[in-house]
1. So, in nm, how far is label N67 from label D259 when the simple model puts each one 7 Å beyond its Cα toward the Cβ?
2. Run the quick spin-label model on K98 and A44: label points 7 Å from Cα toward the beta carbon, then report their separation in nm to one decimal.
3. Taking K and R as +1 and D and E as -1, what net charge do the other residues with C-beta under 14 Å from the C-beta of E68 add up to?
4. Express as a percent, rounded to the nearest 5, the fraction of DSSP beta bridges in the chain (both residues included) that run antiparallel.
5. How would you rank 172-183, 109-120, highest first, on the average number of other Cβ atoms within 10 Å across their residues?
6. More than 13 angstrom separation, counting every C-alpha pair in segment 74-122; what % is that?
7. In nm, what is the difference between 0.36 nm times the number of residues separating M154 and C210 and their Cα-Cα distance?
8. Can you order the peptides 240-247, 22-29 by their average number of other Cβ atoms within 10 Å per residue, highest first?
Amino acid sequence: MMHTRIIVILGIMTNKALFFDIDGTLISFNTHRIPQSTVSALTAAKANGAKVFISTGRPMPFIFHLNEIEHLIDGYITTNGGYCFIGNETVYCHPIAKPDAEVLIDYCRQVDCSAFVVGKETIALVNHKQVVDDVFGSILDVDDFNCDTLAHVMQQDILQITAFLSQEQENAIMPTVPGCIGGRWSPAFVDINNALADKGKGLLAMAAHCGISVADTMAFGDGGNDIPILKQAGTGVAMGNASGTVKAAADYVTTSVDDNGVANALKHFGVI
């Protein structure tokens, strides 16, 4: 794409905003850690004037293992764009309408599946099943859910419902909540958000808030929920461990998270 060629030829890196997914992009699924090459690359990018943003499907209580780069992070896109903030300032927030949330929760109970109901402050877990521990514990290294009661969470803005639905179940329920959108970054569950919330819209809001041209943004991701931000960014970078669909949505495919993918891409585009 033309904007990618301009970056390569001119080496544009001033006022660059970099957006990083967490799982499979910053953090290895194998080690549950950020590779040292990524830590060094982000440190160098920050020294070169770039802003660093997290772009994740996770809510803040489930964001772990970023200690090594926490001091470099300028802001967060969380819950797939449902809640975006810089410091204590909310930049973009679109919760799920309460009637839609109630429909989704009732359906999860009806089909006997688990669901995290993510409020702006706390999280509830409906119908706890073993698959929750298997996926969030073993694969994502989240073993302390620190859950609240559903009644208390429902008094808050509902940012996201992470439902352990099959694709067929998702297809059945989503037409009944047209104000919502579903996105998967694991085959085990679907993140359901307000239809006005996705990572791409979060990038637009963050860039506008910071006075940065969208052309000067670069986004990294590996999952299906990263496709909107990869398409929206000035340059979308898919990790080598991404699926073919995600790679097709990107401007550039780097190596895997375990093979210095972030560092290699930032070097390729002259950001570091």
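1. In this crude label model, N67 to D259 measures out at 3.1 nm.
2. 5.2 nm
3. Details: positive: R33, K46; negative: E70.
Summing Lys and Arg as +1 and Asp and Glu as -1 gives +1.
4. Values: 25 of 44 bridges.
In the chain, approximately 55 percent of DSSP beta bridges are antiparallel ones.
5. On the way: 172-183: 16.6, 109-120: 19.3.
Those peptides, ordered most packed to least, come out 109-120, 172-183.
6. Details: 754 of 1176 pairs.
Tail of the P(r) past 13 Å holds 64 percent of the pairs.
7. Working: separation 56, 0.36 × 56 = 20.16 nm, distance 3.21 nm.
The span from M154 to C210 would gain 16.9 nm if fully extended.
8. Details: 240-247: 17.5, 22-29: 22.5.
Averaged packing, sorted descending, gives the order 22-29, 240-247.
The values are calculated or read from the model by the stated rules, or taken from the named source; none is laboratory data. As the structure is a computational prediction, the values presented were derived from the model and not from experiment. In this analysis, Cβ positions are derived from the backbone assuming ideal geometry, glycine residues included, and neighbour counts consider all displayed protein chains. Note: accessible area is taken over every heavy atom of the protein model, side chains too, but ligands, DNA and RNA are not part of it. Shrake-Rupley method; radii C 1.70, N 1.55, O 1.52, S 1.80 Å.
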